[in-house]
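The block underneath contains the structure these notes are about, expressed in structure tokens.
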Amino acid sequence: MRCIPVKASNSPTITPPLRRGRRMICALIGLIAFSVSIAGARAQTPDGALRNQGLSVLVEIEGSVPGFTKDELSNYLCRQMTASHLTGWHFLPTSMATTGGDQPSNRIVWHFKLLPYAGGGTRYIGPAMSKAQELFGVGRPVSIDAKIFLNDQFEATTFDQATIKGGPDDPGLAAAVQKVMKSVVTNAFLTASPDGASPIHAVSAKT
């Protein structure tokens, strides 16, 4: 029996329907994933118009500052933030928070931590440091951290350190609060972090 060779066909290869379907599904999944990532990146930065709206923003306090009760400190921060004229928001003290239930969707959380007095191993001889602070105006180092949450989304945080005397008439405390407020609000409305996927964390220069 004689075998007759078969010439290769020049017609294009027809991809089986099943393979074409798989490719289309993979392409569709990739497009959806890309769209979600873009939407997520945009969601990290709030609309700039939100900055000038009359939002009610609760002021929460963690830690303490000399010369204030917790409610007094919350009221003081509300006054300082309103005086900064950085936003059109209405700041509400902690005393106006609703009891129970979920946290308010718009809030600024301030955290204060008193730091050790400088001096290393030097031995202090004299009246108690708290009394010396009253008598001679000795400042107390404190760390200040502020976090902004808008529509239940964590937007930005700023950390700073300052030396304060405490109380509502302390210009050093007022300056530190204004500085942190300006930084955290500015950061909240910047274009998100380089990868567009996380809130902005900033450290202010020490005062």
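Each reported figure results from applying straightforward, stated rules to the coordinates on display, with no laboratory input. Please read all numbers here as calculations on a predicted model, not as lab measurements. Because the Cβ atoms are built from the backbone with ideal geometry, glycine has one as well, and the counts that use them run over all protein chains shown.
A few points about this structure:
- Simple spin-label estimate for Leu55 and Met96 in nanometres, 7 Å along Cα-Cβ: 1.5 nm
- Extension gain, Ser64 to Asp152: 0.36 nm times the residue separation minus the Cα-Cα distance gives 29.2 nm.
- Size descriptors for segment 150-192, from the alpha-carbon set: Rg then Dmax equal 12.8, 36 Å.
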